[in-house]
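Worksheet for the structure shown next.
The values are calculated or read from the model by the stated rules, or taken from the named source; none is laboratory data. Just so it is clear, the structure is predicted and the values come from calculations on it, not from any experiment. Here the Cβ is made from the backbone with ideal geometry for all residues, glycine too, and neighbour counts use every protein chain on show. We work out accessible area using only protein heavy atoms, side chains counted, and drop any ligands, DNA or RNA first. Shrake-Rupley method; radii C 1.70, N 1.55, O 1.52, S 1.80 Å.
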Amino acid sequence: MSEQCIFCKIVNKEIPAEIVYEDDSVVAFLDIRPVSKGHTLVVPKKHSNDFLSTEDDVLEALIPEIKKIGAAVMKAVGAHGMNISTNHGAAAGQVVFHLHFHLIPRFSNDNLMPWPHGDSEPKNRQELAEEIKKLLA
Ligand code: 5GP
Ligand code: ZN
């Protein structure tokens, strides 16, 4: 628990939220500024700042929860698809530093533009792949 953390406060029921699911390890609630109807946040009860600093066992428990909650959210709003994501770090748009996954229901022709893709040269891709492979070896 981090004292100033807004999501810890939601987990501890110190501030209100539209909680849609709760068990021993997670809380899921509706996003206060939804990207689309049904936008839900899935939050581990145990505080960690972000994805990479979260213990493996917390992450392992989280994936099936996201699957279960995501299926219900999609059904509730009649979504055709869903973006499942976490923003890691301020540069990636993270604002609340308590790990959370966004479940963003998507609808055909909802006009939520996906990220723009760029081009890449095969040589640059190969060099970059080698660099990442080295770090993972
Ligand atoms: P981030 O940008 O950190 O990945 O996402 C934080 C999300 O939390 C945003 O989508 C924002 O709308 C949501 N949020 C921030 N404060 C609150 C709050 O007090 N209650 C709820 N329900 N959502 C919040
Ligand atoms: Zn927290």
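Tabulated data
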| quantity | calculated |
| --- | --- |
| Carbon/sulfur fraction of accessible area - the stretch 17-137, other protein chains in place, 1.4 Å, % | 58 percent |
| Student exercise, the stretch 6-136 dipole from Lys, Arg, Asp, Glu Cβ charges, in Debye to nearest 20 | 380 debye |
| Relative contact order of the chain, defined on C-alpha pairs under 8 angstrom at six or more residues apart (%) | 24 percent |
| Mean residue ellipticity (222 nm) of the chain, computed from DSSP H runs ≥ 4 via -39,500 (n - 2.57), nearest 500 | -10000 deg cm²/dmol |
| With Cα atoms, 0 to 90° folded angle of helix 56-77 axis to the chain main axis | 70 degrees |
| Dipole axis of the chain (+1 Lys, Arg; -1 Asp, Glu on Cβ), positive-most option in V77, H47, S120 | V77 |
| With Cα atoms, 0 to 90° folded angle of helix 122-136 axis to the chain main axis | 60 degrees |
| Protection proxy ranking, peptides 118-128, 96-106, average beta carbon neighbours within 10 Å, highest first | 96-106, 118-128 |
